[in-house]
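**Q** One structure, as structure tokens, below. Some questions next.
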Amino acid sequence: MFRKYILPIIVFVFYRTLSWTWRVRLIEPDSLKNSVDSSTPSPVVLAHFHGDELALLSVVKRYRIATIASQSKDGELMATVLKWLGAKTSRGSSTRGGVQALKGLLRLVKDGGNCSFAVDGPKGPLHKVKPGVFELSRMIHGPIYAAGVACDRAIHFPRSWNQTFLPKPFAKVIIYWIGPMSPVSKEVDPRNPDLALELEGLLHQARQQALKFIADNDAQC
């Protein structure tokens, strides 16, 4: 009862209240901005590293996020909170219900959603891109944009494998998007290591640009 009905409310209210205090700045390529703001948008794949999720949750509504949540109890909690934040989820994982979850995700994309993808998942190694993001790009014929996140103050969780962090109250949060990588064509093998290296490079570049925005702002204060 508590975990299913009460805990999601506590998590949602806590996160929503905290994120309202953040000063979030989005830096987007014109192509991404035009796609998001279009009345007839084409789907895109929004790629990020594990660890950046808690900051990125604050913008799921703008990007009409569609993603997969596991069928575990933690996944159920996450799916509920994501729904209240404005995202859509399909339930499943690589070990249980994966095919149905993917079919559900594709339906959500067809209905106007954009895929959000932690590219180094589900369990690492951290910052090493897996082929799944390219498989998805090929399925929906969607370009890939890479996110970099930085903030000027945060609570860090060093014992977590994904090195996640939560911006503190009134933190300045920079979300910097780079791209796009062209949609992966049917002739290209999603397991091609060159694709992974290219996207890893974009993700690290985006993070460095986000950190630079924070540093430049601090220098001006």
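The values are calculated or read from the model by the stated rules, or taken from the named source; none is laboratory data. Computed from a prediction, not measured in an experiment: that's the story for all the values here. Positions of Cβ are generated from backbone atoms using ideal geometry, with glycine treated the same way; all protein chains shown enter the neighbour counts. Heavy atoms of the whole protein, side chains included, go into the accessibility calculation; ligands, DNA and RNA do not. Shrake-Rupley method; radii C 1.70, N 1.55, O 1.52, S 1.80 Å.
**Q** Averaging sequence separations of C-alpha pairs under 8 Å and six or more residues apart, then dividing by the length of the range 1-89, give the relative contact order as a whole percent.
**A** In percent, rounded to a whole number, it is 36.
**Q** Okay, moving on. Contact order normalised by length for the chain, with contacts defined as Cα pairs under 8 Å and 6 or more residues apart; what percent is it?
**A** Relative CO of the chain lands at 26 percent.
**Q** Here's a follow-up. Using the heavy atoms of the protein chains and a 1.4 angstrom probe, tell me the accessible area per residue for the range 123-221 in square angstrom.
**A** Result: 55 Å² per residue.
**Q** The chain: longest stretch without exposed chymotrypsin sites (Phe, Trp or Tyr not before Pro) (DSSP loop, at most 14 other Cβ within 10 Å), sites themselves excluded?
**A** Values: sites that count: 161, 170.
Segment 1-160 is the longest.
**Q** Another question, then. What is the magnitude of the charge dipole of the chain about its Cα centre, with +1 placed on the Cβ of each Lys and Arg, -1 on the Cβ of each Asp and Glu, and no other charges, expressed in debye to the nearest 20? Please report the intermediate quantities before stating the final value.
**A** Numbers: 29 positive and 18 negative charges, 190 e Å.
Magnitude of the dipole: close to 920 debye.
**Q** Roughly speaking, to the nearest percent, how much of the range 1-96's 1.4 Å accessible area is carbon and sulfur?
**A** 59
**Q** Leaving out ligands, DNA and RNA, what percent of the accessible area of the range 168-208 is carbon and sulfur, probe 1.4 Å? It would help to have the intermediate numbers written out before the result.
**A** Values: 1220 of 2250 Å².
Exposed carbon and sulfur together represent 54 percent of the surface.
**Q** Amide H to amide H, which residues 5 or more places from residue 91 or on other chains are under 5 Å from it, using H placed in the peptide plane?
**A** Counting only residues 5 or more places away or on other chains, the set is 69.
**Q** Considering the range 101-209, what Rg and Dmax in Å follow from its alpha-carbon atoms?
**A** 15.2, 47
**Q** Shifting gears a bit: Using only helices, what value at 222 nm comes out for the chain when you add -39,500 (n - 2.57) per DSSP H run of length 4 or more and divide by the total residues, to the nearest 500 deg cm²/dmol?
**A** -12500 deg cm²/dmol
**Q** A further question follows. Per residue, how much accessible area does the range 1-80 show when a 1.4 Å probe rolls over the protein heavy atoms, in square angstrom?
**A** Values: 4310 Å² over 80 residues.
Per-residue value: 54 Å².
**Q** Among DSSP beta bridges whose residues both lie in the range 67-221, state the antiparallel percentage, nearest 5.
**A** On the way: 10 of 13 bridges.
Here the antiparallel bridges make up roughly 75 percent for the range 67-221.
**Q** Also, quick follow-up: Can you give me the relative contact order of the range 128-221 as a percent, contacts being Cα pairs under 8 Å and 6 or more apart? Display every interim value, and only then the final one.
**A** Working: 142 pairs, mean separation 37.3, N = 94.
Rounded, it is 40 percent for the range 128-221.
**Q** Test of the criteria: in the range 121-221, which trypsin sites (Lys or Arg not before Pro) are in a DSSP loop and have at most 13 other Cβ atoms within 10 angstrom of their Cβ?
**A** Working: sites: 123, 128, 138, 153, 159, 172, 186, 191, 207, 212; in loops: 123, 128, 153, 159, 186, 191.
Taking the range 121-221 and a limit of 13 other Cβ atoms within 10 Å, the loop trypsin sites (Lys or Arg not before Pro) found are 123, 128, 153, 159, 186, 191.
**Q** Next up: Could you give the nm distance between label points at residue 74 and residue 10, where each point is 7 Å from its Cα heading toward the beta carbon?
**A** Calculated label separation equals 1.7 nm.
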